[in-house]
Amino acid sequence: MRKSLLQKERAKYQPKLPKALRGAVKAQEGAATQSVGDQDAIQALFPITYGMPLVEFVPGEARQTQAMNVGVILSGGQAPGGHNVICGIFDEIKKLNPENRLFGFLMGPGGLVDHEYKELTADIIDEYRNTGGFDMIGSGRTKLENVDQFEKGIEIIRELGIKALVIIGGDDSNTNACVLAEYYAAKHYGVQVIGCPKTIDGDLKNDQIETSFGFDTATKIYSDLIGNIERDCNSARKYWHFIKLMGRSASHIALECALQAQPNICIISEEVEKKDMTLNQIVEQIATAVADRASRGMNYGVVLIPEGLIEFIPSIGRLIDELNDLLATHGSEYKDLERNAQHAYILAHLSKENAETFETLPKDVARQLSLDRDPHGNVPVSLIATEELISDMVSDKLDKWKKEGKYTGTFAAIHHFFGYEGRCAAPSNFDADYCYALGVSATQLIANGKTGYMAIVKNTTAPAEEWKAGGVPITMMMNMERRNGVMKPVIRKALVDLDGKPFKKFVEKRDTWAKETCFVYPGPIQYWGPANVSDRTTRTLALENE
């Protein structure tokens, strides 16, 4: 692999570890746990791995450990820091016993089922320290959910002498890890399964998981790009920039970027849902701000829109819920029809209220809402050009106001979608440290005989040596939700807390940002320099831990 100068220097960076993980480690168990919802149903589905205690690692006494082989899987979309999780696993298993070996399953969970793997040796590991991307072993979205897959997996696990699997993924991937852990435990296969919390969307967090890895780096990348656009906007003073940001199920990225860059407008999906806002009300809100700035000679600005906004507009959310059930039940009949026939088929099978909503949508949006779901039953919202839809509707509203003499400005829109730009970036110092500590924690959970746990690192606004590492039973985070027309156990997603400090800080400032030009230009990620610059956490994490 050819390395840039930055990569060469970053390869020398030694991630900082919490004190408790630096030497011999002991697992200190806390109280028994229960799921966040539907306790009886979750316990019935996970009788072996339900109710296990929280674990915190504390300094212990050195002990001999038997040789063990470990498998690792990267699952789902990329997030900065994934390679450092694997490096942390590798270093820790070798520290426990130099005979230990690490195997990476290629291109996600499918590599386990299809027996595609490679041994990760020191030469390979050293090429990827502190680098972005998932290209060491690749990732994929195969869903581990049926017995045939589990049994195919155990074949290669036994062949390679693997004692434990570490699945690095988001909420759906870690739900699958929990299902796999329960199955292998019930079968007495002697294989442990450990998860690690990954997603740039920031929606895999709770009382035990302060942040998912990759969120820090990705939001800093996006905030830098937004700041650059704001500076251009403030220089040319003739465009409104509509920026769609990743975040299918929650608006954490949009909120964090707003706190960092201070755009004129940022829509928070969770607020839209709570206030039962219509698409037209969102458009009216933006158009009002545009007209107000124009009245003071400012025909420019920046608007942030989370990619999952459409699903949070209550009338469209209800439509999507019914469409999900319809496609799950009649998908085989529907998929072979011509496009116009598909549209008519949906209208014929929807309830009256949802059929009316479906007919009001632009045809492209209606079409995108009726496309095949992803393997986890989600609408492919990244394909919906929400930023263009909203800016077109704002333009129409302003044209109407101009004819009525209510608006005299000019409006020209430019559109952006920031998603892939942040997923594979070289991790920030925070993510490099956090991910490495997660990898070490995952290894210690294995060494202490745990399965069905997710590795965690807490107290992350303190210096890294003061972080607290351990594990949380995955069942503790689960509830029952409807997926593809069927109730299934899943990890509950963390949405933006409208009573939380980050959102309240945003609300405190947003009226001023809408009227004035308060842009902040965060600049690129800094890897060297004062700790308050190079090691700083996100605004969200700082506010939540004040």
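So is ASP364 of a type outside the set (A, V, I, L, M, F, W, C), at pLDDT below 80, closer than 21 Å to LEU347 by Cα and not in a helix (DSSP H, G or I) or not?
no
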### Query
Restricting attention to segment 201-213, and to residues there that are of a type outside the set (S, T, N, Q) and open to solvent by 10 Å² or more (accessible area, probe 1.4 Å), which single residue is nearest to the chain's Cα centre (by Cα)?
ASP201
### Query
Going through segment 256-266 one residue at a time, which ones are buried (at least 24 other Cβ atoms within 10 Å of the Cβ) and in contact with a strand residue (DSSP E or B) (Cβ under 7 Å, 6 or more places away or on another chain)?
CYS257, ALA258, PRO263, ASN264, CYS266
### Query
So, in segment 333-351, of the ones that are closer than 15 Å to ARG367 by Cβ and open to solvent by 80 Å² or more (accessible area, probe 1.4 Å), which residue ends up modelled with the lowest pLDDT?
LYS335
### Query
If the Cβ limit is 8 Å and pairs must be 6+ apart or interchain, which residue in segment 179-196 that is over 20 Å from ALA447 (Cβ atoms) pairs with which residue that is among the hydroxyl-bearing types (Ser, Thr, Tyr)?
GLU182/THR49
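Are any residues in segment 267-292 open to solvent by 80 Å² or more (accessible area, probe 1.4 Å), assigned to a helix (DSSP H, G or I) and either touching a strand residue (DSSP E or B) at 6+ places or on another chain (Cβ under 6 Å) or under 18 Å from LEU498 (Cα atoms) (or both), and if so, which ones? First the steps, then the outcome.
Filtering segment 267-292 for residues open to solvent by 80 Å² or more (accessible area, probe 1.4 Å) gives 273-276, 281, 285.
Retained after the next criterion (residues that are assigned to a helix (DSSP H, G or I)): 273-274, 281, 285.
Selection gives GLU273, LYS274.
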### Task
Of the numbered conditions (1) outside any strand (DSSP E or B); (2) more than 27 Å from ILE221 (Cα to Cα); (3) of a type in the set (A, V, I, L, M, F, W, C), MET487 fails exactly one; give the number of that condition.
(1)
### Residues being in a helix (DSSP H, G or I) and open to solvent by 50 Å² or more (accessible area, probe 1.4 Å) - total across segment 490-509
6
### Task
Collect the residues in segment 78-99 that are touching a helix residue (DSSP H, G or I) at 6+ places or on another chain (Cβ under 9 Å), open to solvent by 10 Å² or more (accessible area, probe 1.4 Å) and part of a loop (DSSP other than H, G, I, E, B), keeping them in residue-number order.
GLN78
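Hey, can you tell me all the residues within segment 426-449 that are part of a loop (DSSP other than H, G, I, E, B) and crowded, with 24+ Cβ neighbours inside 10 Å? I'd like the intermediate steps shown before the answer.
Filtering segment 426-449 down to residues part of a loop (DSSP other than H, G, I, E, B) leaves 426-428, 448-449.
Listed by number, the residues that qualify are PRO427, SER428.
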### Task
Test each condition in (1) in contact with a strand residue (DSSP E or B) (Cβ under 7 Å, 6 or more places away or on another chain); (2) open to solvent by less than 20 Å² (accessible area, probe 1.4 Å); (3) outside any loop (DSSP other than H, G, I, E, B) for LEU54 and report the one that comes out false.
(2)
### Message
Could you go through segment 422-436 and let me know if any residue there is over 20 Å from the mean Cα position of the chain (by Cα) and either without any contact (Cβ under 8 Å) to a residue 40 or more places away in the chain or under 30 Å from LEU54 (Cβ atoms) (or both).
### Response
no
#### Entry: Selection from segment 123-141 of residues that are among the β-branched types (Val, Ile, Thr), buried (at least 18 other Cβ atoms within 10 Å of the Cβ) and without any contact (Cβ under 8 Å) to a residue 60 or more places away in the chain
ILE125
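The values are calculated or read from the model by the stated rules, or taken from the named source; none is laboratory data. Values in this document were obtained by computation on a predicted structure and should not be read as measured data. Note: ideal-geometry Cβ built from the backbone for every residue, glycine included; neighbour counts use all protein chains shown. The accessibility values were calculated without ligands, DNA or RNA, using every heavy atom of the protein model including side chains. Shrake-Rupley method; radii C 1.70, N 1.55, O 1.52, S 1.80 Å.
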